[in-house]
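The values are calculated or read from the model by the stated rules, or taken from the named source; none is laboratory data. Note that the structure is predicted; figures quoted are calculated from it, not measured. Glycine gets a Cβ as well: all are built from the backbone with ideal geometry, and neighbour counts include every protein chain shown. When the accessible area is computed, the model is the full protein with side chains, heavy atoms only, and any ligands, DNA or RNA have been set aside. Shrake-Rupley method; radii C 1.70, N 1.55, O 1.52, S 1.80 Å.
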Amino acid sequence: MPTPKDDNERITLLQGTLDLLILRVLLLGTCHGQGIAKAIQRQSEEVFFVDHGSLYLALQRLEDSGLICAKWGVSENNRKARFYLLTERGRAQLIAKTTWWNRLTRAMELILSPVNEEV
Amino acid sequence: MIWRRRRDPKDFAEEIRAHLQLEADDLEASGVNTREAERLARVAFGNTVAAQERFNLRGRAMWLEHLLQDVRFGLRMMMRNRAFTAVTVLTLAIGIGASTTAFTWINAVLLQPLGGVADPNRLVTVETVMSNGSWVPNSYPDYQDFRDHLKLFDGIAVTHIAAFSVGKEDHAERVWGEMVSGNFFSVLGVRPEIGRLFLPAEFSDTPGKFPIAVMSDRYWRSHYGADPSVVGRTIRINQHELTIVGVVEPAFHGSIPVTAFDLWIPYMQQPVLNGVKEWMLRDRHNRNMLGIARLKPGVTFDQARQELKVLADRMAVANADVSEGMSATLLPLWKSPHGPQGLLVGPLRILMGVCVLVLLIVCANVANLLLARATVREKEFSARIALGAGRVRLARQVLTECLLLTGSGAVLGLALTPWLSHALKYLMPPGNLQLLVSMDQRPNFAVLAFTAGVCVLAALAAGIAPALQVGQLQLNSQLNANGRNGGAGRSRNRLRSALVASEVALALVALVGAGLFARGFQQTLRIEPGFDPNHVLLSQFYLSTNGYSLAQRKEFCRRLAERMGSTPGVTDVAYSDGVPLGFEPSWWEELRIDGYAPRPNENMNIFRNVVSPGYLPLMHIPILEGRNFTDEDNENSTEPVMIVNQSFARHFFADRDPIGHKIHGWGDWFRVVGVVADSKYHYLGEPATPYFYVPFRQIYREDMNLAFYIRSAGDPDDMLSTLRTQARAIDPNVTVFDAAPLKEFIGASLYPQKVAASLMTVLGVVALLLATIGLYSVMAYSVVQRTHEIGVRMALGAQPASVLRMVIGHGLALTAMGLAAGAALALALARTLAGVSFTNSGMGTHASLMGGSAKDPLVYAAAALFLCVVSAVAAWLPARRAASIDPMKALRTE
């Protein structure tokens, strides 16, 4: 059983970043909601905690805007589950948003960790 | 937004259940027991119900939230720019308030003309059509035929407007009411408040039967203190006792729009109350009944009209002696020419048009102000776009702010309407009609809906340009240019130019409209009536309501004329039935002229007046040939006589001398004894009309009116007290009469034109003022924006004079474009307006409101010139300021 981390050590996801993370997880293959939440928590080394209510709302939003689609299927342990997969539009969006995010983080880094400015 | 088929909430719930199971499976796999695992899974998920609710609300919640954000932000912006908000809201309140008032009137007069009746949409007016196509009221025998033979109607009723004298002789009061067919209330579907209305047993055609009366709620409250025991009591009307059987419900005011009556009495009481001879009730010539019919459910207007026409055509053949060539038709209630609505329809349409014009100008002004402000807010918008706000979202924000502004304007405007609505009275001519005008003041769904619609339309009209501009913001240029004002956007300049041009165009339309109406009115005023109304006091007596017989009335006239004639200062005295250029319907008689063969279908109903010998000299109507009436032309003379006018002589006698010829009317042969000059009889703009006069003492009948004229050397008003004293001296009980200088009275026939002209002038001035303010602010603003450019030009050696020329030239170029568009629009509108006519008197005659001035080039030229001057000044003032500043300073303003 994974020990739930203290809330202080977790970072609430920035508005809009959850969508990006979901798209990234789905790039690797279809997955159901619970799996997506698990994947995000695991890959962020338990820093990001996904509020499950928000997760499903985000999934719905993505589905509504045609970035992902869904169908009912059977999980690895034979449970019925709704599986999500990335659409072409979702893939394009993921690439665009990732590029944008990389530029943002690079710019943030340049400002926040100046190399030789303060002498 | 495209709506996908919404996902079923059940499906979503199912997904959550699956999630919880998968989570529990994971926990169980790591060694937790089943029940604990399920519990922990639920805890980890949190509130499932909330999640489902959020799922259900997803689309709506966001939309509502955004709207609330927009409204909050919009309100903050309004509060921050108080001056801007105040100016905008006030202009909008003027525009919306005026439109709402106009609509309130139109609603009361045209759309929902009658209150307190059942299913008003099925009620129609029944009009008899003359062989020349004009509409006239119905006769009682016609009504009986209609009533008994029409199948597609749920009843047809007739009514006759009448003044009653209520109470004892010495303190009688005049009350207006209707004399109606017995089935009147049942056809209209009116309910009693207390007591009862007329019963089927009382729907009788027997003269004098059923002396009963129904009164209005208003009269019951003011005269009986709303005492329910009034039912069954008697009321003294025209010196006869009638039994009050009931009071109608408060919403019912009678069968004529915007008119409030107080008494309803069966028409069959005419012989008793007004001394009308019984044969007159059976006379098809006696057309004094307005008809209202109710269509059966499922019957269309056209079917009913067809049935009525077929019957009327048959009746015209069957009663060829009186009704040859006549027919009948149905009209919507508001189209009947026999009530105030006939007067109001034309002016109200124009009023609505003008209000739309004012509203458009207001919208253009607000759009301009918003555009100017949008330029200032460009930085804010750019920043929000850079932070990721959608352009659509921003455009919606701009529209929301606009809606807040128009909404506030609408609320303010609505608050003004109850006061403005009362002004309807001033649209009515002075006299009886004005007393009767009443408006339903209760909040009205139609009016509120109209205002809301206007409010949204105004928001769209004013907000669409600024919203589009936000959509086109060039993010890069904005951020790169460091938010320099006014540099960016040729498209914006085009937009502003278009707005300036449209303001000029609208102002031109307003000015031209006002000019055309004023000129039309002026032209009408210059028309000579053909008689001299100055220094004449006119009084109208209602003697029959005092119980006078025909002989007593004639005797009263003779004695009053005698007494007034000997009063110092009085030069002439006369009396007659009809008053020229008045509002009362004019009457005619069907004539047969010896030696004249009428063409097929020729209208031989000729208008006439019944006058005393003094009438023609008093009116200064010249007698061209033959003689005037004398006192010998009386009841005892062997042969009745007649005087015709010039048009009559020209038309029916061509080259022959009319004097001595015989003409048949009223069942008798008249000898023509004189020819008089033409004058105006119904309205000033009328063409020359055949007309004739017959002597009072030979022709005067029970159902005729009594007008008394006194010509004096001085102010006619000075004669009023003498007249009152003398009338009392003959009979102390004569209290019921109206008096007014003839000059004022005949002004009534000009009323629709006067109203149209004054409305256009008032609203035209408002429109012009608004357009001038708009024009000036836009011009001034665009010059301020070009300060930098002007600075550069001057730094490069441009002279102030050439800068001035450039700026004014630019302004005038825009003005010229606007004028061209406005002139085209104004010409088109004027052509439409020239077709707007009004009906005056009960004649169904149509007179043009505008006269022949629709294309008057002088009006167009003057309006255009005026606007050129206004825009030149509007450009010149800020340009002079710009040209006078130091170029260096101008450059540094950046």
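Key figures
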read-out: Accessible area buried at the A-B interface, both sides summed, 1.4 Å probe (Å², nearest 100); value: 2200 Å²
read-out: Column: log10 I(q)/I(0), Debye, Cα scatterers of the stretch B:135-267, q = 0.13, 0.16, 0.18, 0.22 Å⁻¹; value: -0.53, -0.81, -1.02, -1.48
read-out: Accessible surface of chain B [probe 1.4 Å, protein heavy atoms]: carbon and sulfur percent; value: 59 percent
read-out: Residues of type aspartates and glutamates that B:K151 reaches as a straight line, Cα spacing below 12 Å, ignoring anything fewer than 8 places off in the same chain; value: B:E307
read-out: Cβ-derived FRET efficiency at R0 45 Å, B:K335 paired with B:V411, nearest 0.05; value: 0.85
read-out: Relative contact order (%) - the stretch B:158-207, alpha-carbon pairs under 8 angstrom, separation at least six; value: 30 percent
read-out: Helix axis angle, B:445-471 relative to chain B longest principal axis, alpha carbon, degrees; value: 40 degrees
read-out: 0 to 90° range, to nearest 10: angle between helix B:9-29 axis and chain B longest Cα axis; value: 20 degrees
read-out: Hull volume in cubic angstrom per residue (convex hull over the Cα atoms of the stretch B:574-704); value: 116 Å³
read-out: Helix B:857-884 vs. chain B, principal-axis angle (Cα, 0 to 90°, nearest 10); value: 30 degrees
read-out: Alpha-carbon gyration tensor eigenvalues x 5, square-rooted, for chain B, Å; value: 67, 40, 24
read-out: Along each principal axis, Cα extent of the stretch B:249-345, largest first, Å; value: 42, 39, 28
read-out: Residues losing 50 Å² or more accessible surface upon assembly, the stretch B:29-52, compared with the chain by itself, 1.4 Å; value: B:F45
read-out: Peptide A:27-38 - average C-beta neighbours from other chains (10 Å radius); value: 3
read-out: Dmax and Rg, reported as Rg then Dmax, of the protein assembly as shown (C-alpha, Å); value: 40.8, 135
read-out: Descending Cα extents along the principal axes, the stretch B:42-143, whole Å; value: 91, 47, 25
read-out: Links that overshoot a 26 Å alpha carbon limit, given the list B:K309/B:K680; B:K209/B:K309; B:K209/B:K296; B:K168/B:K277; B:K335/B:K743; B:K554/B:K754; value: B:K309/B:K680; B:K209/B:K309; B:K209/B:K296; B:K335/B:K743; B:K554/B:K754
read-out: Semi-axes of the equivalent ellipsoid for the stretch B:662-732, Cα gyration tensor, largest first, Å; value: 30, 20, 12
read-out: Value at 222 nm in deg cm²/dmol, rounded to 500, when DSSP H runs of n ≥ 4 in chain B each add -39,500 (n - 2.57); value: -17000 deg cm²/dmol
read-out: Whole-number accessible area per residue in Å² for the protein assembly as shown, which is evaluated in the context of all protein chains at 1.4 Å; value: 46 Å²
read-out: Solvent accessible area, Å² - B:L75, 1.4 Å probe, full protein context; value: 80 Å²
read-out: With DNA, RNA and ligands ignored, accessible area of B:I350 (1.4 Å probe; Å², nearest 10); value: 10 Å²
read-out: Taking all pairs of distinct alpha-carbon atoms in the stretch B:507-599, Kirkwood radius in angstrom; value: 18.4 Å
read-out: Average other protein chain Cβ within 10 Å of Cβ, residues A:79-90; value: 2
read-out: 12 Å beta-carbon shell around B:N81, net charge (K/R +1, D/E -1); value: +4
